[in-house]
1. Just name the residue that is surrounded by the fewest Cβ atoms within 10 Å (Cβ to Cβ) out of those in segment 48-88 that are under 16 Å from I226 (Cβ atoms) and more than 17 Å from the chain's Cα centre (by Cα).
2. Out of the residues in segment 287-311 meeting the condition of being hydrophobic (A, V, I, L, M, F, W, C) and surrounded by 14 or more Cβ atoms within 10 Å (Cβ to Cβ), tell me which one is nearest to E148 (Cα to Cα).
3. Any idea which residue in segment 176-193 is modelled with the highest pLDDT, counting only those that are surrounded by 13 or more Cβ atoms within 10 Å (Cβ to Cβ) and assigned to a loop (DSSP other than H, G, I, E, B)?
4. Does R236 satisfy being buried (at least 20 other Cβ atoms within 10 Å of the Cβ) and touching a Gly at 6+ places or on another chain (Cβ under 9 Å)?
5. Given (1) out of contact with any Ser or Thr (no Cβ under 6 Å at 6 or more places or on another chain); (2) within 19 Å of E151 (Cα to Cα); (3) part of a strand (DSSP E or B), identify the lone condition not met by I226.
6. Find all pairs meeting these conditions: Cβ atoms under 6 angstrom apart; at least six residues apart or on different chains; first residue within segment 234-261 and within 17 Å of I303 (Cα to Cα); second residue small (G, A, S).
7. Please indicate, with yes or no, whether at least one residue in segment 22-34 is outside any helix (DSSP H, G or I) and surrounded by 20 or more Cβ atoms within 10 Å (Cβ to Cβ).
8. Determine whether S228 is small (G, A, S) and crowded, with 19+ Cβ neighbours inside 10 Å.
Amino acid sequence: MLDHTAIDEIDERIMKVLLKDSRTSFTKIAKECKISVNAIRKRYSLLWKAGIINGEIMLVDPQKLGYKCIVTAEIMTKIEDERKVMEFLKSKPYIRKIFKNSLEKLNIGCIISLQGIQYLSEIIQDIEANPLVKYVNTILWKKTTNNEYPENLILRNTISKSGGRDLQKPNSPNLKKIELDETDRQIAKILSQKSRTPFTKIAKELNISINKIIQRYNKLEGTLLINSTITINLKRLGYNAMVDLRLKLTNRSQTQEILAEILKIPNVIVVLEYVGGDLDLFPIIAIKDFSELFRLKQQLSTIKGIEQASMFLNEPYHMWPLNMFASLL
């Protein structure tokens, strides 16, 4: 079985292309890599067998399904009660993702989807009704899409030449709900779980013409289905931890400038922007060892405008990018 040391330049190129668009044809990738289509297919299959690639997904915009507000909730409970509280949270229909905050006072985190902010107090009361929950802190996401940066991930042991990515000026969020019928929803469900599914197969499964599938896909792409990508196991690439950074900025008007500087740091693969409270930016960085952790601290010290910073370690993602909103379909 392959491990991360066996990934060469062509494997890296294949993954970079598919992280950007998982529906890219093997023919096109073969032309870029200047090898045969069969060689691309074989390499792709080997990356799956090695457990490096473990999914093909299309990310879903929750706003287009009527969920205008996404909230991170941090929960305090006793360490011995973590499992019971997490099972309790799994039973709640408004919970999209649950994770442990290792060695933190607020030791359980979850992502909550809301159709409106007016429902938040009711949800907090519902969670706090559990006697094992000691405290709940919530933070509202500024935006629900384009929070992940796969182009920043170093896929093999080479020095990153990337200087970060140019940020677009933030747009006003489009909260308009998209109108879907059952066929639209079925197409979105299929592609959110297996994005490389051929249109011919979808047409046969839903018993409608290929042309109608393509028409409906064109309606969904870029609106409800915002990004086509593969998922990868960071552990299989040699990453042994995720660093969660909690940043309070001196001046929120400088958020985009500071974010651009943060994205120059290699392996910053997620950055959440929050509204209100004591937390403004929440970058997540993949690291392989402690030397990278110390280097990260030094890199952060050079960025002006960070008033407070706290750093926590968690397990590496075994399936990233996260596909947390597909369950809303």
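1. Initially, segment 48-88 is screened for residues under 16 Å from I226 (Cβ atoms), giving 56-68, 70.
In the following step, the residues that additionally are more than 17 Å from the chain's Cα centre (by Cα) were identified as 64-68.
Values: K64: 24, L65: 19, G66: 15, Y67: 22, K68: 17.
Ranking the qualifying residues of segment 48-88, first place goes to G66.
2. Of the residues in segment 287-311, the ones hydrophobic (A, V, I, L, M, F, W, C) are 287, 290, 293-294, 296, 300, 303, 306, 309, 311.
From what is left, the residues that are surrounded by 14 or more Cβ atoms within 10 Å (Cβ to Cβ) are 287, 293, 296, 300, 303, 306, 309, 311.
Details: I287: 16, L293: 20, L296: 19, L300: 19, I303: 21, I306: 21, A309: 20, M311: 19 Å.
For segment 287-311, the residue satisfying everything is I287.
3. L180
4. On the way: buried (at least 20 other Cβ atoms within 10 Å of the Cβ): yes; touching a Gly at 6+ places or on another chain (Cβ under 9 Å): yes.
Judged against the criteria, R236 is a match.
5. So the condition that I226 fails would be (1).
6. What qualifies is R246/S310; L247/A309; L249/G305; T250/G305; Q254/G305; I258/G305.
7. Our first condition is that a residue be outside any helix (DSSP H, G or I); within segment 22-34, this holds for 22-25, 34.
Filter once more, so that each one left must be surrounded by 20 or more Cβ atoms within 10 Å (Cβ to Cβ): 22.
Scanning segment 22-34 turns up at least one residue that is outside any helix (DSSP H, G or I) and surrounded by 20 or more Cβ atoms within 10 Å (Cβ to Cβ).
8. yes
The values are calculated or read from the model by the stated rules, or taken from the named source; none is laboratory data. Everything quoted here is computed from the prediction, not taken from an experiment. Neighbour counts are summed over all protein chains in view; Cβ atoms, including those assigned to glycine, are modelled from backbone coordinates with ideal geometry.
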